[in-house]
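First the structure, in the form of structure tokens, and then the observations on it.
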Amino acid sequence: MIRHCSLFKFKPDVGPEMISKIVEEFSKLPGLIPAIESFEIGTNVGDRPDNYDIGVCMTFASFEAYKVYRVNPDHIKFYQEFLIPFQDARTSVQFEIE
């Protein structure tokens, strides 16, 4: 199995309402993309100014299933509408789990 985790930091002018909307829209992806086996998302509760704003982790049956997710039109549409315009930074990792 593959775990995919991403962290997003948003531009300074992106407020809590928009971050909530992004989390809401992100949370719709598991219902649209069958390759997603599990999904977790949350907003930062830490108090360090260099923390990222949201984190998301997803599990896929294989790296091939993860690649299906990456090119899925619903994922691409979400990324273009709700992440690209608002994100300041992003980092991610994919790793094998048992």
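Read-outs: derived from the displayed coordinates by stated rules, not from any lab. No experiment lies behind these values; they were computed from the predicted model shown. Neighbour counts are summed over all protein chains in view; Cβ atoms, including those assigned to glycine, are modelled from backbone coordinates with ideal geometry.
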Problem set entry | Sorted by Cβ density within 10 Å, fewest first, the residues Tyr52, Tyr79 | Tyr79, Tyr52
Exercise. Hey, what's the Kirkwood Rh for segment 2-94 if you take every pair of different alpha carbons, in angstrom?
Worked result: 13.6 Å
For this session: Please give the contour-minus-distance gain from Glu25 to Lys77: 0.36 nm per residue of separation, less the Cα-Cα distance, rounded to one decimal in nm.
Result: 17.6 nm
Exercise. If we count every other residue with Cβ under 11 angstrom of Asn44's Cβ, Lys/Arg +1 and Asp/Glu -1, where does the sum land?
Worked result: -1
Exercise. Taking 0.36 nm per intervening residue step and subtracting the Cα-Cα distance, what contour gain separates Asp13 from Asn51 on full extension?
Worked result: 12.1 nm
Exercise. Where does the chain land at 222 nm, in deg cm²/dmol rounded to the nearest 500, when only DSSP H runs of n ≥ 4 count, each adding -39500 (n - 2.57), divided by all residues?
Worked result: -8000 deg cm²/dmol
Problem set entry | About the Cα centre, charge dipole magnitude for the chain (Lys/Arg +1, Asp/Glu -1 at Cβ), debye | 220 debye
For this session: Determine the sum of side-chain charges near Glu25: Lys and Arg each +1, Asp and Glu each -1, restricted to other residues whose C-beta is under 14 angstrom from that of Glu25.
Result: -1
Exercise. How about Lys11: which lysines have a C-alpha closer than 21 Å to its C-alpha, ignoring those fewer than 8 places off in the same chain?
Worked result: Lys21, Lys77
